[in-house]
1. Look through the stretch 63-74, keep the residues that are loosely packed, with under 14 Cβ neighbours inside 10 Å and out of contact with any Phe, Trp or Tyr (no Cβ under 8 Å at 6 or more places or on another chain), and return whichever of them is nearest to Pro131 (Cα to Cα).
2. (1) of a type outside the set (D, E, K, R); (2) at negative phi; (3) modelled with pLDDT under 95: which one isn't true of Gly20, the others all being true?
3. Before we move on, is Glu73 outside any strand (DSSP E or B) and either of a type in the set (A, V, I, L, M, F, W, C) or more than 16 Å from the chain's Cα centre (by Cα) (or both)?
4. Condition test on Ala115, is it within 17 Å of Val35 (Cβ to Cβ), crowded, with 19+ Cβ neighbours inside 10 Å, in contact (Cβ under 8 Å) with a residue 60 or more places away in the chain and within 12 Å of the chain's Cα centre (by Cα)?
5. What is the number of the single condition among (1) over 15 Å from the mean Cα position of the chain (by Cα); (2) part of a helix (DSSP H, G or I) that Arg106 does not meet?
6. Sort through Phe79, Phe104, Phe93 and tell me the only one that's under 23 Å from Ala40 (Cα atoms), surrounded by 13 or more Cβ atoms within 10 Å (Cβ to Cβ), among the hydrophobic types (A, V, I, L, M, F, W, C) and touching a residue at least 60 places away in the same chain (Cβ under 8 Å).
7. Which of the residues that make up the stretch 136-151 are in contact (Cβ under 8 Å) with a residue 12 or more places away in the chain and not small (Gly, Ala, Ser)?
8. Looking at the stretch 129-147, can you tell me whether even one residue there is in contact with a strand residue (DSSP E or B) (Cβ under 7 Å, 6 or more places away or on another chain), under 17 Å from Ala32 (Cα atoms) and assigned to a helix (DSSP H, G or I)?
Amino acid sequence: MSEPASSTSPRAPLSTAAGGGALAPRVPLPYALEVECEFAAAHAIILAGERERLHGHNWRVVVSVAGERLDGEELLCDFHLVERLLGEIVAPFRDGNLNETAPFGRINPTAEALARHIAHALDAALGARVPSVHLEWVRVTEAPRCTAIVRLAR
């Protein structure tokens, strides 16, 4: 199931609901797959100019990859490739402090920023390996009922 979204990407422009300009309607791609992973990490974000205390989450990341067609083996792309790429992207955060892990030493480690970082990195990695697929969105849940989504335009 595909989700709506917004982020920037080397392969796709930012898609936003706000921002003034009308966006062309997006036609859903006929095939999609979702891959998820989880990891534990702490962070302390800045809210209203104040840094909150350091606390941990069991982060859940779900990504959707879509494309026009299946390959000769009836695959959109290999689930295991997407799992491996996603695992490599989140590995530096696993059991650590996001505030002390690049790029979050210089940006506020919000769920939205984490989703954007994962989207940029995964979109680039997939583009280099499987150019026939498109990263549709990245969903990051930091706590039950608290989810950030970044959507990539195509």
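The values are calculated or read from the model by the stated rules, or taken from the named source; none is laboratory data. What you see is a predicted model; the values in this text were computed from it and never measured. Virtual Cβ from ideal backbone geometry, glycine too; neighbours counted across all protein chains shown.
1. In the first step, residues of the stretch 63-74 are kept if they are loosely packed, with under 14 Cβ neighbours inside 10 Å; the result is 68-74.
Remaining after also requiring out of contact with any Phe, Trp or Tyr (no Cβ under 8 Å at 6 or more places or on another chain): 71-74.
Numbers: Asp71: 12, Gly72: 15, Glu73: 17, Glu74: 16 Å.
Ranking the qualifying residues of the stretch 63-74, first place goes to Asp71.
2. Unmet condition: (2).
3. Yes; evaluated as a whole, the condition is true for this residue.
4. Here the answer is yes, as Ala115 does meet what is asked.
5. (2)
6. The unique qualifying residue is Phe104.
7. Passing the criteria: Glu136, Trp137, Val138, Arg139, Val140, Thr141, Glu142, Cys146, Thr147, Ile149, Val150, Arg151.
8. Here is the first cut: in the stretch 129-147, the residues in contact with a strand residue (DSSP E or B) (Cβ under 7 Å, 6 or more places away or on another chain) are 132-143, 147.
Narrowing further to those that are under 17 Å from Ala32 (Cα atoms): 132-139.
Filter once more, keeping what is assigned to a helix (DSSP H, G or I): none.
Among the residues of the stretch 129-147, not one is in contact with a strand residue (DSSP E or B) (Cβ under 7 Å, 6 or more places away or on another chain), under 17 Å from Ala32 (Cα atoms) and assigned to a helix (DSSP H, G or I), which makes the answer no.
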